[in-house]
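Here the structure comes first, spelled out in structure tokens, and everything after it is commentary.
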Amino acid sequence: MKKIIVFFESYNDVDNIMPFIDYLLSNNKAKVTIYKSKRSNLSGCEDYLKYLKSTYNLSPVYFDENFSKLYNLFFSLYRNFRNISLKAKTNSLFLPVIILNTRVFRPFIKYLTRVEVYRSLSSLDADTIMMDEGKEGSFFASVIVNYCKNNTISVVGFPHGFTIYTNSDPQCKDRAKRNRNTIKSLLLKLAKPAVKKSYFDRYLTVPGQKDTFYSTSMLNFDAKYLNRVYEVGSMRFTHEWISKLRKDVITPKNFSYGDKSRTNVVVFMSNPRYNVNITNLVTSLKTLSEFNKINLVIKPHTRSLFEGMEHEKICGYDATKISSSELSLWADVGIVYGSSIAFQLIMDNVPIIMPRYFHTNSTLLEENDACIVVDDLDSLMHVLSKPVESVNNMINQSKRKNLIDYYVYGGNVYSEFMDRFYKLVVGQQ
């Protein structure tokens with residue numbers, strides 16, 4: 001039986017890899033060990049962890065439990081110093097701090113990390129280690145990758161979601177680079193020396209991600225390693241997993257809010273760094289919050305929350321602590337402009353409105369005719385003024401089905417999709 005180690009770092013990691021862990025254990029495919037670190041943030045994962053414990057007697061353990069006290073002290077100092085150096089982004093007087101941090105402290109901490117990680121890994125027995133894609137640049141992951149190369153252990157990256165953007169410059173910084181001061185760019189380059197990035201042996205992701213997520217600044221992925229990327233599908237959004245998730249894993253919260261005679265509308269926010277027009281977003285949210293035909297619920301982005309809008313007074317339910325899956329069940333209409341939660345809404349037959357004026361990116365939703373596109377506030381209000389049945393009739397259901405078949409199932413039935421994912425993880429394909 002294969003032995004697989006999975007690392008948990010955040011809610012998104014757990015939410016996306018849980019279907020595979022459950023598949024492995026329920027089908028007796030592998031022995032699974034789960035690790036977390038003292039810096040992991042598993043807030044919101046309580047139901048998942050309870051399910052693993054009660055069903056499979058499996059709980060995450062600390063990978064860095066036995067790291068030396070001296071290491072923990074130095075790493076804490078390094079993190080504090082790094083936070084200070086981040087001020088150089090707005091104040092060039094802090095550039096010397098960046099230089100000291102990247103050329104002295106970082107190499108020193110990486111050396112100490114290598115010593116601690118190698119000592120911990122030497123006692124582990126595994127065929128495959130699975131980690132969140134993008135983590136390979138972190139201290140832990142980069143050292144783990146280098147160790148595994150010399151010890152015939154495969155390291156596989158799994159997605160913590162996926163991008164629905166289709167343009168090549170989805171982030172604000174992509175456009176800022178084109179206008180950056182040449183001298184400042186040179187100083188930043190000197191202050192932040194190029195670090196050789198470690199790469200996983202395989203990356204398993206959703207169709208279309210090679211040309212988007214893996215080929216833009218969102219991941220800074222070297223094109224010569226694209227042959228390691230396998231586009232399989234998204235287990236998180238399959239009918240089979242959603243059904244099990246709601247039946248056996250998540251404790252029903254029975255979310256309720258507002259007047260039952262009104263249309264339930266959820267706005268799923270995206271990280272503002274993805275070319276979001278904050279002014280248009282705030283103006284629209286304020287108008288929606290005053291619209292007496294809807295119950296407005298706002299779901300902030302997992303990490304950025306209400307970044308850029310902290311001082312705005314917007315009436316509407318703040319659903320920070322409510323799961324997106326539960327909100328999808330409650331919603332009559334979802335407003336999405338950059339989140340893969342759109343696929344959850346589609347699975348629940350919730351019509352999606354895409355307000356293109358909220359950002360300057362393009363997404364696979366409008367390109368596949370799977371949503372209602374609006375280009376200004378008046379158009380948005382016009383759609384939301386309609387009865388829910390009329391809004392539903394504006395959706396092309398066959399196009400939405402095609403979207404699910406391609407992006408979620410990878411063109412396969414569920415059993416074939418899961419079997420292919422498993423074989424890629426253990427190196428049998």
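Throughout, read-outs are computed from the coordinates displayed, never taken from laboratory work. Owing to the predicted nature of the structure, the values given are computational and were not obtained by experimental measurement. All Cβ positions, even for glycine, are placed from backbone atoms using ideal geometry, and neighbour counts span all protein chains on display.
Taking amide H atoms as placed 1.01 Å from N in the peptide plane, the amide H of Lys2 lies under 5 Å from those of Lys31, each 5 or more residues away in sequence or on another chain.
For Val195 and Leu42, the FRET efficiency from 1/(1 + (r/R0)^6), where r spans their Cβ atoms and R0 equals 30 Å, is about 0.60.
In a fully extended conformation the segment linking Tyr62 and Lys3 would gain 19.4 nm over its present Cα-Cα distance, using 0.36 nm per residue.
Report, for region 229-322, the % of DSSP beta bridges that are antiparallel, rounded to 5. Taking every DSSP beta bridge with both residues in region 229-322, the antiparallel ones total about 10 percent.
With the Kirkwood sum run over all distinct C-alpha pairs, region 258-331 has a hydrodynamic radius of 12.8 Å. Using a simple spin-label model with pseudo-atoms 7 Å out from Cα toward Cβ, Ser379 and Lys53 lie 5.0 nm apart. Estimated from the Cβ-Cβ distance and a Förster radius of 22 angstrom, the FRET efficiency linking Asn151 and Asn83 is about 0.05. Ranked by how many other Cβ atoms sit within 10 Å of their own Cβ, fewest first, the residues Arg246, Arg106 fall in the order Arg246, Arg106. Springs join every pair of Cα atoms under 10 Å in this Gaussian network model of the chain, and among Phe20, Phe108, Phe162 the largest mean-square fluctuation is at Phe108.
Give me Leu403, Leu42 sorted ascending by neighbouring Cβ count inside 10 Å, so fewest comes first.
Leu42, Leu403
For Cys371, Cys45, the sequence from fewest to most other C-beta atoms within 10 Å is Cys45, Cys371.
Shape analysis of region 221-274 places it in the oblate category; the axes a ≥ b ≥ c from the Cα gyration tensor give an a/c of at least 1.5, with a/b not above b/c. Within region 255-408, DSSP assigns beta bridges of which about 10% are antiparallel (rounded to the nearest 5).
What ratio of Cα Rg to 2.2 N^0.38 Å holds for region 255-408?
In units of the 2.2 N^0.38 Å rule of thumb, it is 0.96.
Length available on full extension from Ala223 to Tyr257: 0.36 nm per residue minus the Cα-Cα distance, which gives 7.5 nm. Bridge orientation summary for the chain: considering DSSP beta bridges with both residues in this region, about 5 percent are antiparallel.
Compute the Kirkwood hydrodynamic radius of the chain, taking the inverse of the mean of 1/r over all pairs of distinct Cα atoms, and give it in Å to one decimal.
23.4
Listed cross-link partners Lys36/Lys244; Lys247/Lys423; Lys38/Lys210; Lys210/Lys299; Lys299/Lys386 are compared with a 30 Å cut-off, the Cα-Cα value being larger for Lys38/Lys210.
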